[in-house]
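Some notes on the structure that comes next.
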Amino acid sequence: RSKEVSGSGFGQLRFDDTPGQISTQLQSSHGASQLNLGKLSHPKDKAESEDRGEGFELRTDQWGALRAGQGLLVSTHKQDNAKGEHLDAEVAKKQLEGSQTNSKALSDIAKNQKTDEIESLEQLKDFASQIQQQIAKFEKALL
C-alpha cells in the first residue's frame, strides 16, 4: 500500500489467501477506483468478511473508458478454467446463424401465407457476414 505525499490518498495491491475467500484487489482511493478479482468482500477487520459476490468487478465513482483499437469481445459464454482462446466468438456466430435460419423460415412462412416477408432478414444476414469478418480478425490476432 502506498500513501499520497502530503495527503490522505493511497494506492494498493492486495492479495487475500484466506481459505475459501481467495481474492486480489488493485485500488486507487481517488474515485474509489478498483479492480477486484475472485471472492469479492468488504474490507476485513477480522478473519471472515461479508461476501459481495464472486468473479470480477471493475469499478469507479469517476469516469471510465474501455479502449481496444482492434476490437472488443464482450461475451457471457463460459470457458471452463480459461481453456479457450480469449477472442473465441464461435458460439456467438453459431447463435446468429441459428437466428438467421429461424428468421428465414418465418419469412418463408409469411410469404407462403401471402403476408409481407420479414424485412430485417437481409440486415441480419449482413450482420452475420460482418461478424464472420470480425472472427477472422480475432483468429488472426490469436496467431
Are there any trypsin sites (Lys or Arg not before Pro) in the range 1-36 that are in a DSSP loop and have at most 14 other Cβ atoms within 10 Å? List them by number.
Arg1
Compute the helix-to-body angle for 90-112: its Cα long axis versus the longest principal axis of the chain, expressed 0 to 90° and rounded to tens.
30 degrees
Please report how many Lys pairs in the chain have alpha carbons closer than 15 angstrom, counting only residues at least 8 apart along the chain or sitting on separate chains.
6
Just to confirm the number: angle between the C-alpha axis of helix 121-142 and the first principal axis of the chain, 0 to 90 degrees, nearest 10?
50 degrees
Which label belongs to the value computed from this structure, given these candidates for Kirkwood radius over Cα pairs in Å: [x] 16.4; [y] 15.1; [z] 19.7?
[z]
Which of the chymotrypsin sites (Phe, Trp or Tyr not before Pro) found in the range 1-102 are loop residues per DSSP with 13 or fewer other Cβ atoms within 10 Å of their Cβ?
Trp63
Assigning unit charges at the beta carbon (Lys, Arg +1; Asp, Glu -1) and nothing else, what dipole magnitude in debye, to the nearest 20, does the chain show about its Cα centre?
280 debye
Loop trypsin sites (Lys or Arg not before Pro), the range 21-127 (other Cβ atoms within 10 Å of the site Cβ: 11 or fewer; DSSP):
Lys46, Arg67, Lys78, Lys83, Lys114
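Any read-out appearing in this document is the output of simple, stated calculations on the displayed coordinates, not a laboratory observation. Note that this is a predicted model, so its numbers are computed, not measured. Methodologically, a virtual Cβ is constructed for each residue, glycine included, from the backbone with ideal geometry; neighbour enumeration extends over all protein chains shown.
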